[in-house]
Amino acid sequence: MDVIPCEHALAIVTKYDMDEYQYCSGYCTKDYMLKTYEVPVYPIPDESQWEISGDVLGDAVKPQKVRVKPGRPKKIRLKGAGEFQGKRCKITCSLCGQQGHNKKSCRNPPKNV
């Protein structure tokens, strides 16, 4: 979907000493970016200075009709494949101190000395 290949594809391209820019879109080059900004962009004047024609002033813009999905909304959004998922902490038993289980499922209880 992007016009830039993923980091895995770029790793293969650089491994075989190929040109990375051959696999990118022309829109991602430095020359194309400079061409984009060579035309000056002027800021919009104050709203009191706008010249609006009469036929446009009569048109009312209404918000879209949005259908609310049934059910409770999600509290946490699902992360995409490229986003950081986070580290899972390992469970440690408070009785024997080993990882991988908790106090309730401990099979090696501590020995009383």
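Using only helices, what value at 222 nm comes out for the chain when you add -39,500 (n - 2.57) per DSSP H run of length 4 or more and divide by the total residues, to the nearest 500 deg cm²/dmol?
On the way: 3 runs with 20 residues, N = 113.
The helix contribution divided over the chain gives -4500 deg cm²/dmol.
Chymotrypsin sites (Phe, Trp or Tyr not before Pro) within the range 1-61: which are DSSP loop residues with at most 12 other Cβ atoms inside 10 Å? Walk me through the numbers before you get to the answer.
Working: sites: TYR16, TYR21, TYR23, TYR27, TYR32, TYR37, TRP50; in loops: TYR16, TYR37, TRP50.
Those satisfying the criteria are TYR16, TYR37, TRP50.
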### Query
Is the shape of the chain rounded, prolate or oblate, going by the alpha carbon gyration tensor and its root eigenvalues a ≥ b ≥ c, with a/c under 1.5 for rounded and a/b larger than b/c for prolate?
oblate
### Per-residue ³J(HN,Hα) for the range 44-58, Karplus 6.51 cos²θ - 1.76 cosθ + 1.60, θ = phi - 60°, Hz, x for Gly and Pro
6, x, 4, 4, 5, 9, 5, 10, 10, 6, x, 5, 7, 5, x
### Task
Kindly provide the trypsin sites (Lys or Arg not before Pro) of the range 1-102 that DSSP labels as loop, not H, G, I, E or B, and whose Cβ sees at most 12 other Cβ atoms within 10 Å.
LYS65, ARG67, LYS74, LYS75, ARG77, LYS79, LYS87, ARG88, LYS90
#### Entry: Accessible area of the chain divided out per residue, in Å², using a probe of 1.4 angstrom
108
### Message
Could you derive backbone 3J(HN,Hα) for the range 76-83 from the dihedral phi with the Karplus parameters 6.51, -1.76 and 1.60 (θ = phi - 60°), listing whole Hz in sequence and x where the residue is Gly or Pro?
### Response
10, 6, 7, 7, x, 5, x, 8
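Using +1 on the beta carbon of Lys and Arg, -1 on that of Asp and Glu, and nothing else charged, what's the dipole of the chain about the Cα centre, debye to 20?
Working: 19 positive and 13 negative charges, 451 e Å.
So the magnitude is around 2160 debye.
Treat every Asp and Glu Cβ in the range 9-58 as -1 and every Lys and Arg Cβ as +1, leave all other atoms uncharged, and give the resulting dipole magnitude about the Cα centre to the nearest 20 debye. Can you show the working numbers first?
Details: 3 positive and 9 negative charges, 69 e Å.
The dipole magnitude comes to about 340 debye.
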#### Entry: Gyration tensor (alpha-carbon) shape descriptor, the range 26-73, a/c threshold 1.5
oblate
### Query
Using a Gaussian network for the chain with springs between C-alpha atoms less than 10 Å apart, which of these wobbles most: LEU57, LEU78, LEU34?
LEU57
### Task
Please identify, among GLN99, GLN64, GLN49, the residue showing maximal mean-square fluctuation in a Gaussian network model of the chain using a 10 angstrom Cα cutoff.
GLN99
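The values are calculated or read from the model by the stated rules, or taken from the named source; none is laboratory data. It should be emphasised that the depicted structure is a prediction, and the values quoted were computed from it without experimental measurement. Quick reminder, even Gly has a Cβ in these numbers, built from the backbone with ideal geometry, and neighbours come from all protein chains shown. In case anyone asks, the SASA skips ligands and DNA or RNA and just uses the protein heavy atoms, side chains included. Shrake-Rupley method; radii C 1.70, N 1.55, O 1.52, S 1.80 Å.
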